[in-house]
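Let me begin by presenting the structure, written as structure tokens, before commenting on it.
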Amino acid sequence: MKSLAELEKLRDITKKKIELRDGDCDYRIVVGMATCGIAAGARPVLNALIAEATEAEYSCTIAQTGCIGMCTLEPLVEVFDKNGNKTTYVLINPEKAVEIMREHIGKGNIVEKYTVGSVKR
Amino acid sequence: MERLHALVCAGTGCTSSQSALIIERLNEELVKFNLQDEVKIVKTGCFGLCQKGPIMAIYPDKIFYCHVSVDDVPEIVSEHFYKGRPVKRLELSDIDEITKEKIFEISKIRFYAKQKRVALRNCGVINPEDINEYIAKDGYQALGKVLTQMTSQAVIDEIKRSGLRGRGGGGFPTGIKWQFAADQTSDEKYVICNADEGDPGAFMDRSILEGDPHAVLEAMAIAGYAIGAKHGYVYIRAEYPIAVERLKIAIKQAEKLGLFGKDILGTGFEFNVEIRLGAGAFVCGEETALIMSIEGKRGMPNPKPPFPAIKGVWGKPTIINNVETFANITQIIINGADWFRSMGTNKSPGTKVFALGGKIVNTGLVEIPMGTTLREVIYEIGGGCPNNKNFKAVQTGGPSGGCLTEKDLNTPIDFDNLTALGSMMGSGGMIVVDEDNCMVDVARFYMEFICDESCGKCTPCRIGTKRMLELLTDLCEGRGSLATLDELESLGNSIKETALCGLGQTAPNPVLSTMRLFKDEYLAHAVDHKCPAGVCKNLLTYSIDPLKCKKCSLCAKNCPVDAISGEVGKTVFTIDAAKCIKCGACLTNCRFNAVIRG
């Protein structure tokens, strides 16, 4: 390393790797992984979310949770933004998961058609 | 992508309770569930709550697991890492004082709520064996800042303005020390990190080096730039193998990235660090003895002046700072002197790390702003004495310090207040003593330590401390008299005035301080030949009250030397004083309070 600029560049790269310990991420994504979720295919959804987040280097943490309650609408994915606003996506499959990542996490646009509000309607 | 980080403490404390095995087992279990790419196990430094170790922190959940055993690992992996259900029974929690509800939030748990971690900021947060994690936490930015934006004098001025004082015990202003060395003209100068932590019960320096070695190394380079040195030594005892290992790894990684060596960050500045291992002699923490030891000679102190800043290692200007002092430097450079001064008291700004030990619920490492009261540290953070015993005193400053009692509990802790109360800050060991401890015995313990550690160069320390130990032993074994007390006091005072170095000059402090504060305990030993706390065995007798004895034989069954005789249900039991080893087993086992200790 031959300059401060190089050091700063390295810091920005390494910072991303430990971001989830600081809680500084823009989004927190939670996948319902109780028996109902797993049976409905939550695991491939989780894998798809992780793969997409890795590739695009989104600022988010991905975690599982227990039963969210609407077992008929599993797999469920909840997205929390920095202000604690929650968006609940239902009946998600890996393809929809990728779309949510690109639109919602990547560009900040909620994918209305998959939200619990529009599906229930 | 990693979605979960599990940080496992790999400090000396948790390592001794198998944290290395836990890490190994975690990685095995992760493979079973095919989670190895999603969950990262990180080895980290001390979380401070050593009492509850081994400790594991889970992010992003922000959960602490405590007392984790190897057998808990499968459950943690299958329940928490795989299914997302935290293992409640292992979670660190506290009871909310008002609502009486359990709280799990780390920042609200009393042990952490009052703490302010500056020197320990990365301990338990990063992997000390990975320089990238340190860099992610703004590591080496302070060095970059001083090399590109500040003159040497500006660095010294900033440290002076911060009011940082030496954390090793003396409390000497760090900036002034640096100025002395910077003002010398010499072809070579040296920066030494004093990691020869010797006070019984103090382990903050070890924990910092184990948890965040780069913070100390970076600060040494900054000090080198400030005073014009290009060579540094870390003087550390070989008894700290984990810290030594992590330092070696850290130096190697920093050299590889070009952060140590020649032309650092393209600025032309050169700095190298070497590790020097000490054999664990207490006196080598004294700076002139430390220098002798680095030079390969027998570690013995020399008279000052000349001070090391003028004539130090190899006869060249040298600054010697303690590990914790260095750990504060980078933060002062990055955040500024005013930020540092905003913490602590006017004359003692910043924070201080204390090692809580002895009769206290939360044994461990705490970092608090100066000016916090002893009561807050001992009761709110430390949780008070275990088993509802009464607090008697707290010993600070190790073998050079003294005791503080109940009446001092509301004193804000800083360098000057502790000295005014007849004790001292020292390196920050706090040993809590309760009603079951005998103060004469405590004083004797410290004197025994000093006798072992006296280097023998000067007569007052070599012979004087030995004579003091003999007098204390006389008291503890029932051979004392009022004359013993007078002799102890006058001998103590003359050693204070005549010994060569700090070790000898402060050696009588624990005795003189306890004599002053616990006069009646000393008198009981000297005149009545009794030990009120029931510790000094030679002064104790055990007997059984025939009126209270229910002839149950429980005492006899528990006596390890068969000194108690009697027949169950027929005769009262008696103790044969000639056989009795005064272990107290009969006293603790008797259900009818029939055993009398006199």
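Coordinate-derived values only; no laboratory data. Values in this document were obtained by computation on a predicted structure and should not be read as measured data. Note that we place each Cβ from the backbone using ideal geometry, even for glycine, and neighbour counts take in every protein chain shown.
Classified by the C-alpha gyration tensor, the range B:407-540 has an oblate form. Its axis ratio a/c, with a ≥ b ≥ c, is 1.5 or above, and a/b does not exceed b/c.
Distance from the C-alpha centroid of the range B:548-591 to that of the range A:73-121: 74 Å, rounded to the whole angstrom. Note that the range B:337-403 carries a Kirkwood radius of 13.1 Å, evaluated over its alpha carbons pair by pair. Taken along its principal axes, the alpha carbon cloud of the range B:23-165 reaches lengths of 57, 43, 22 Å, longest axis first. In plain terms, the bigger the Kirkwood radius, the slower the diffusion; for the range A:40-121, with that radius from Cα pairs, at 25 °C and 0.890 mPa s, Stokes-Einstein puts D at 192 µm²/s. For the peptide A:4-14, the mean number of other protein chain Cβ atoms found within 10 angstrom of a residue's Cβ is 6. Taking all Cα pairs closer than 8 Å and separated by 6 or more residues, the relative contact order of the range B:541-597 comes to 46 percent. Under 12 Å from the Cβ of B:T345, count the other residues' Cβ atoms, weight Lys and Arg +1, Asp and Glu -1, and hand me the total. In short, +2. For B:C50, neighbours were defined as the other residues whose beta-carbon sits under 14 Å from its Cβ, and their charges (Lys and Arg +1, Asp and Glu -1) total 0. Less than 5 angstrom separates the built amide H of B:I126 from those of B:G45, all sequence-distant by 5 or more or on a different chain. Each other residue within a Cβ distance under 15 Å of A:A51 adds +1 if Lys or Arg and -1 if Asp or Glu, for a net charge of -4.
What separates the Cα centres of the range B:406-472 and the range B:484-515 is a distance of 10 Å.
Note on the protein assembly as shown: helix-only mean residue ellipticity at 222 nm, from DSSP H runs of 4+ residues weighted -39500 (n - 2.57) and normalised by residue number, equals -10000 deg cm²/dmol. Given +1 at the Cβ of Lys and Arg, -1 at the Cβ of Asp and Glu and no other charges, the dipole of the protein assembly as shown around its Cα centre is 740 debye to the nearest 20. Of all DSSP-defined beta bridges confined to the protein assembly as shown, some 55% are antiparallel rather than parallel. Listed by chain and number, the aspartates and glutamates whose C-alpha is less than 15 Å from the C-alpha of A:K120, apart from same-chain residues fewer than 8 away, are A:E74, A:E112.
Residue by residue along A:49-62, Cβ atoms of other protein chains within 10 Å of the local Cβ number 3 on average. Projecting the Cα atoms of B:I106, B:Y225, B:V432 onto the charge dipole of chain B, computed from C-beta unit charges around the Cα centre, puts B:V432 farthest toward the positive end. Under the convention that each Lys and Arg Cβ holds +1 and each Asp and Glu Cβ holds -1, the size of the dipole of the range A:24-120 around its Cα centre is about 280 debye.
Taking a virtual spin label 7 Å from the Cα of B:N390 along the C-beta vector, which residues in the range B:505-521 bring their backbone nitrogen under 16 Å of it? So the set is B:518-521.
May I ask for log10 I(q)/I(0) of the protein assembly as shown at q = 0.07, 0.11 Å⁻¹, from a Debye sum over the Cα atoms as equal point scatterers with solvent left out? Relative scattering, expressed as log10 I(q)/I(0), comes to -0.60, -1.18. Applying a threshold of 25 Å to the alpha-carbon distances of B:K230/B:K352; B:K359/B:K582; B:K43/B:K160; B:K52/B:K352; A:K2/B:K177 flags B:K230/B:K352; B:K43/B:K160; A:K2/B:K177 as lying beyond it.
A Stokes-Einstein calculation at 20 °C with viscosity 1.002 mPa s, built on the Kirkwood radius of the range B:119-238 over Cα pairs, returns a diffusion coefficient of 140 µm²/s.
Between the listed residues B:P128, B:A585, B:A10, the Cα displaced farthest toward the positive end of the dipole of chain B, a dipole computed from Cβ unit charges relative to the Cα centre, is found at B:A585. Computed over the range B:138-337, the P(r) tail beyond 26 angstrom holds 25 percent of alpha carbon pairs.
Taken about its Cα centre, the range A:16-61 carries a charge dipole of roughly 240 debye when the Cβ of each Lys and Arg holds +1 and the Cβ of each Asp and Glu holds -1.
Above 22 Å, the calculated P(r) of the range B:229-354 contains 50 percent of its Cα-Cα pairs. Going by Cα centres, the range B:379-393 and the range B:212-284 are how many Å apart? After rounding, the separation between the Cα centres reads 39 Å. Dimensions of the range B:4-106 along the principal axes, based on C-alpha atoms and rounded to the nearest Å, stand at 44, 31, 21, largest first. Other protein chain C-beta atoms within 10 Å of residue C-beta, averaged over B:75-85: 3. Across the range B:126-133, coupling constants 3J(HN,Hα) worked out from phi with the 6.51/-1.76/1.60 Karplus curve, θ = phi - 60°, read 10, 8, x, 9, 10, 4, 4, 5 Hz, and Gly and Pro carry x. Summarising the strand pairing of the range B:4-106, around 60 percent of its internal DSSP beta bridges are antiparallel.
Near B:H231, the amide H atoms lying under 5 Å from its own belong to B:K189, B:V191, B:N272; only residues 5 or more places off or on other chains count, and H is placed 1.01 Å from N.
Karplus-based coupling profile of the range A:74-79, in residue order and whole Hz: 5, x, 9, 10, 10, 10, with θ = phi - 60° in 6.51 cos²θ - 1.76 cosθ + 1.60 and x standing for Gly or Pro. Relative protection proxy for B:405-414, B:130-139, A:110-119, B:438-447, from highest mean packing down: B:438-447, B:130-139, B:405-414, A:110-119 (other beta-carbon atoms within 10 angstrom). A viscosity of 1.567 mPa s and a temperature of 4 °C, combined with the Kirkwood radius over Cα pairs in Stokes-Einstein, give a translational diffusion coefficient for chain B of 49 µm²/s. In order along the range B:217-228, phi translates into HN-Hα couplings of 5, 4, 5, 5, 5, 4, 4, x, 5, 5, 9, x Hz, rounded to whole numbers, per the Karplus curve 6.51 cos²θ - 1.76 cosθ + 1.60 with θ = phi - 60° and x for Gly and Pro.
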